Amino acid sequence: SQQGEEDPQALSIQEGENATMNCSYKTSINNLQWYRQNSGRGLVHLILIRSNEREKHSGRLRVTLDTSKKSSSLLITASRAADTASYFCAFMDSNYQLIWGAGTKLIIKP
Amino acid sequence: ETGVTQTPRHLVMGMTNKKSLKCEQHLGHNAMYWYKQSAKKPLELMFVYNFKEQTENNSVPSRFSPECPNSSHLFLHLHTLQPEDSALYLCASSQFTSNPYEQYFGPGTRLTVT
């Protein structure tokens, strides 16, 4: 299957803790992206990491990419209640098509 | 709210109805996409339009018919749907020539087929 695979499927942590989500893929990629979706709404682009990059930061977000293992991780530090959402990885293949994972549902408990 | 709008936000239709979903992007992009999102499944790309030309049709049943009259508007015409077509339908756009990477999504239309 071409789709990305994410784990865990669901994650529940206390506010202030760090949250880590993982994504794996099977083909060669152009880049890998992470998106967030609040309940029943559209997706919002968070961060993009290119295939020649290993780590990228944006605010409280840190993304790593290991092309030898065909995997990526998204770390959210010092989580807040507003971070409660579903997080999706999507990798772009050589045809510029985005291939999506099934998402990780993150719940931040106050 | 993003620069991509979708109407209606919710739609309930019978299997014999005909309806249309509308998407409009205000970002000056030249590529638009329809996705289907079902619970606990990856997003499924349905159709892609670059410069108003359809470039992808991922084996979507003919009961879904896209239309892209210009680079700002995208429609999805629905007829004789099945209950398994109930899902969230998302529209997205991107600027394919300069940055084909990032897609901007609308809020989606929640479709229920009865």
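The values are calculated or read from the model by the stated rules, or taken from the named source; none is laboratory data. Remember, predicted model here, so these are calculated numbers, not experimental data. For neighbour counting, all protein chains shown are included, and Cβ atoms are generated from backbone atoms with ideal geometry for every residue, glycine included. The area values use the complete protein model at the heavy-atom level, side chains included, leaving out ligands, DNA and RNA. Shrake-Rupley method; radii C 1.70, N 1.55, O 1.52, S 1.80 Å.
Taking the conditions (1) open to solvent by less than 60 Å² (accessible area, probe 1.4 Å); (2) within 25 Å of A:Cys89 (Cα to Cα); (3) without any contact (Cβ under 8 Å) to a residue 12 or more places away in the chain in turn, B:Met32 satisfies each one other than (3). When A:Arg62, A:Arg54 are checked against the criterion of being within 22 Å of A:Ile107 (Cβ to Cβ), touching an Asp or Glu at 6+ places or on another chain (Cβ under 9 Å) and in contact (Cβ under 8 Å) with a residue 12 or more places away in the chain, a single residue qualifies: A:Arg62. Total residues in region A:10-22 satisfying the condition of being in contact with an Asp or Glu (Cβ under 8 Å, 6 or more places away or on another chain) and either open to solvent by 40 Å² or more (accessible area, probe 1.4 Å) or at positive phi (or both): the figure is 1.
Within region A:72-108, the only residue that satisfies the criterion of being open to solvent by 10 Å² or more (accessible area, probe 1.4 Å), part of a strand (DSSP E or B), polar (S, T, N, Q) and within 21 Å of B:Glu44 (Cα to Cα) is A:Ser86.
Please determine whether any residue of region A:23-35 is crowded, with 17+ Cβ neighbours inside 10 Å, under 21 Å from A:Arg80 (Cβ atoms) and not hydrophobic (A, V, I, L, M, F, W, C). Yes: region A:23-35 contains one or more residues that are crowded, with 17+ Cβ neighbours inside 10 Å, under 21 Å from A:Arg80 (Cβ atoms) and not hydrophobic (A, V, I, L, M, F, W, C).
Residue-wise test of (1) at pLDDT below 95; (2) in contact with a Cys (Cβ under 6 Å, 6 or more places away or on another chain); (3) acidic (Asp, Glu); (4) open to solvent by 50 Å² or more (accessible area, probe 1.4 Å).
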| site | (1), (2), (3), (4) |
| --- | --- |
| B:Asn70 | yes, no, no, yes |
| B:Leu74 | no, yes, no, no |
| B:Ser94 | yes, no, no, no |
| B:Tyr101 | yes, no, no, no |
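A search for C-beta distances below 6 Å between a residue of region B:66-81 that is touching a residue at least 40 places away in the same chain (Cβ under 8 Å) and any residue that is basic (Lys, Arg) and in a loop (DSSP other than H, G, I, E, B), counting only pairs 6+ apart in sequence or on different chains, returns B:Ser71/B:Lys52; B:His79/B:Arg63; B:Thr80/B:Arg63; B:Leu81/B:Arg63.
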